[in-house]
Amino acid sequence: MPVESGNSAAARQVKQKRKSHSLSIRRTNSTEQDRPGMQRDMLEGQDSKLPMALRSNLLDLFGQIEREFENLYIENLELRREIESLNERLAGEGQTVDGGDLSKGALKTKASHSTSQLSQKLKTTYKASTSKIVSSFKATTSRAVCQLVKEYVGHRDGIWDLAVTRIQPLVLGTASADHCSMLWSIETGKCLLKYAGHAGSVNSIKFHPTEQMALTASGDQTAHIWRYMVQLPLPQPPADISASLDDDVDFSDKDEADGEADGPNECPTIRVATTTLKSHQGVVIAADWLVGGKQVVTASWDRAANLYDVETSELVHTLTGHDQELTHCCTHPTQRLVVTSSRDTTFRLWDFRDPSIHSVNVFQGHTDTVTSAVFTVGDNVVSGSDDRTVKVWDLKNMRSPIATIRTDSAVNRISVSANQRIIALPHDNRQVRLFDMNGVRLARLPRSNRQGHRRMVCCSAWNEENQACNLFTCGFDRQAIGWNINIPALLQEK
C-alpha cells in the first residue's frame, strides 16, 4: 500500500501549509511595525480636507485589505501547486491500475472531488476574512444615530403620505386610505384636527408655504384645498414606548380590528373643502403647491398632470406625455419647475419659468416604476423606483446620474433634508435607510417588535425646524413615527 501512505503524507503536508497561512487581521511582522511611521509621512505630504485621524484610520484599513488579499494570493498559489501535484499522482495511479477509459473517468472524478473540496475551503476562508474587513468599515462609517421619539396612532387604514407645516404652528399632517387626513401635535402625538371631505382614499397631503391651508389628493378623482386652525396642547413628558410592549408579541400578525380601539381623541372635524379641483378622469395620486402658493399641480392615474389656479380653481395647463399612470409629482422650492413620475419607468421635468414656453425633458434612468422624484434645495433631482435603486441627478446635466444607490427592496416616496442633504428611503420591506447625496449609506432606522414599522413604509418627510423630532415616516401599519436623527459634526464638515 505505498500509494495510500503517500497520499496521507501529502494530505498532512497540505494541512500544515494551510494552517501556517491562516488568515488573521491582527497578524503583524517587523515591516508592519514600521508602517505607522510611513503612514504619517504619507499623510503629511498629501493635501486633503479629511481630519488626520480619519485619514490614518482609512489608510490602516486599506493596508489591512492589501495584506489580506496578498495572503489569499499566496495561499491560492500554493493550493494550485498542491492540486497539480495531486493530479499527477492520481494520473499515475490511474495508468498503473487500468490504463483505459475507465481510469480516465476515475481520475476525473477523484481530481474534481479534491478540487471542489479545496475550492470550498478557500471560499470559506475568503468569506471569513472579508467579513472581518467589512465589519471594520461598518464600525467607522456608522455616522448617524437614530432614535424613535413619538408614534402617531389613530388612522383606521394605511397611511400613504405625510408632511410638516412650513409655518407656525408646526404640526404633522397625514393622508390615509381611511378617507381622512389628520393634523397631529408633534410633541404630544395627539390628533388636533381631522379632514373628512373626501369620498375616497387620501393619497397625499402638502401644506401652503405661507398660509394655514392644506392640499390633499384623493382616489375620488379630486384634489381639495382646505383651511385649518389648530391650537397646540401643552407638551407632556415622553412616555416609555418600549416599556409597554411585550418582547414576545409579533405585531405583524396583529388582528386588523385591534386598531379600532386606538382611534384618536375627540378632535374637530372639517367636512367641506374651501376649493375643489376636479378635471381628472382617474385617481389623483399626488398634488403639490408651486412656489408662491398661487398655483397647484396634480398627478393622476389618467396619465396626465394638471396645473390649477388656486384663486379661480380653473385648469391652466394639462401636462400629457406619460405612457402609463402617474405615481407622484413634486415642485421646486424656489423655481417654477415640476417633476412628475410614472409607471412607464420615466420621470419628466416641466419648466414653467418662461410664461410663453413650457418645455419638458424626459429621463429614462430606471427599469421599473418610478415611485417618486423630488427636488433638493440645490440643483439636484433624486428619483426612487421599484427597480430597487435611487439615483441623484444634476439639473444642469441630466444625461446620467451623479450617484446611484442600490438597495434590496422597492423604494417608495423619498425625501431629502434641506439642511443636512440626507436622503430618507422608505422601503416595501419595512426598512428605512439614510444615505447622503454621494450615495454613501449613513444608517438604517431601528425596527423590531418593540419599535419601527411593521408593514410597508410608504413615505418619509423631514422637519427642518424641530431638532428633537426631525424625521417622520408612515406606513401601512396605520401609524406615523417621529424620529430623532443625530448627525455628528464630522459628516457636516464634509
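The values are calculated or read from the model by the stated rules, or taken from the named source; none is laboratory data. A quick note: this is a predicted structure, and the numbers were derived from the prediction, not measured. Because the Cβ atoms are built from the backbone with ideal geometry, glycine has one as well, and the counts that use them run over all protein chains shown. Please note that ligands, DNA and RNA were not included when accessible areas were found on the heavy atoms of the full protein model with its side chains. Shrake-Rupley method; radii C 1.70, N 1.55, O 1.52, S 1.80 Å.
Looking at the range 407-449 only, could you name the residues that are touching a Cys at 6+ places or on another chain (Cβ under 7 Å) and in contact (Cβ under 8 Å) with a residue 60 or more places away in the chain?
Correct list: Arg413, Ala443, Leu445, Pro446.
Within the range 436-447, can one find any residue that is under 22 Å from Val153 (Cβ atoms), open to solvent by 60 Å² or more (accessible area, probe 1.4 Å) and modelled with pLDDT under 95? Among the residues of the range 436-447, at least one is under 22 Å from Val153 (Cβ atoms), open to solvent by 60 Å² or more (accessible area, probe 1.4 Å) and modelled with pLDDT under 95, which makes the answer yes. Of the listed requirements (1) within 16 Å of Cys459 (Cβ to Cβ); (2) at pLDDT below 95, Gln168 misses just one: (1).
Look at Ser181 and say whether it is without any contact (Cβ under 8 Å) to a residue 40 or more places away in the chain and under 19 Å from Asp477 (Cβ atoms). Before the answer, list the steps.
Details: without any contact (Cβ under 8 Å) to a residue 40 or more places away in the chain: yes; under 19 Å from Asp477 (Cβ atoms): yes.
Here the answer is yes, as Ser181 does meet what is asked.
Can you find a residue in the range 450-469 that is more than 21 Å from Val145 (Cβ to Cβ) and either among the polar types (S, T, N, Q) or without any contact (Cβ under 8 Å) to a residue 12 or more places away in the chain (or both)? Give the steps one after another, and end with the answer.
Keep residues of the range 450-469 that are more than 21 Å from Val145 (Cβ to Cβ), which gives 454-456, 458-459.
From what's left, either among the polar types (S, T, N, Q) or without any contact (Cβ under 8 Å) to a residue 12 or more places away in the chain (or both): none.
No: zero hits.
Is it true that some residue in the range 353-376 is crowded, with 18+ Cβ neighbours inside 10 Å and farther than 25 Å from Trp160 by Cβ?
Filtering the range 353-376 down to residues crowded, with 18+ Cβ neighbours inside 10 Å leaves 363, 365-366, 369-376.
When the remaining residues are screened for being farther than 25 Å from Trp160 by Cβ, the result is none.
There is no residue in the range 353-376 that is crowded, with 18+ Cβ neighbours inside 10 Å and farther than 25 Å from Trp160 by Cβ.
Looking at the range 321-338, can you tell me whether even one residue there is open to solvent by 10 Å² or more (accessible area, probe 1.4 Å), among the hydroxyl-bearing types (Ser, Thr, Tyr), in a strand (DSSP E or B) and out of contact with any Asp or Glu (no Cβ under 6 Å at 6 or more places or on another chain)? Taking every residue of the range 321-338 in turn, at least one turns out to be open to solvent by 10 Å² or more (accessible area, probe 1.4 Å), among the hydroxyl-bearing types (Ser, Thr, Tyr), in a strand (DSSP E or B) and out of contact with any Asp or Glu (no Cβ under 6 Å at 6 or more places or on another chain).
The set of residues in the range 144-169 that are surrounded by 18 or more Cβ atoms within 10 Å (Cβ to Cβ) and assigned to a loop (DSSP other than H, G, I, E, B) comprises Ala144, Gly154, His155, Gly158, Thr165. Determine if the range 132-139 includes at least one residue that is open to solvent by 20 Å² or more (accessible area, probe 1.4 Å), outside any loop (DSSP other than H, G, I, E, B) and either closer than 20 Å to Gln420 by Cα or at pLDDT 50 or above (or both). Checking the range 132-139: not a single residue is open to solvent by 20 Å² or more (accessible area, probe 1.4 Å), outside any loop (DSSP other than H, G, I, E, B) and either closer than 20 Å to Gln420 by Cα or at pLDDT 50 or above (or both). Applying the condition of being open to solvent by 50 Å² or more (accessible area, probe 1.4 Å) and part of a strand (DSSP E or B) to the range 389-435 and asking which residue is farthest from Val339 (Cα to Cα) yields Arg406.
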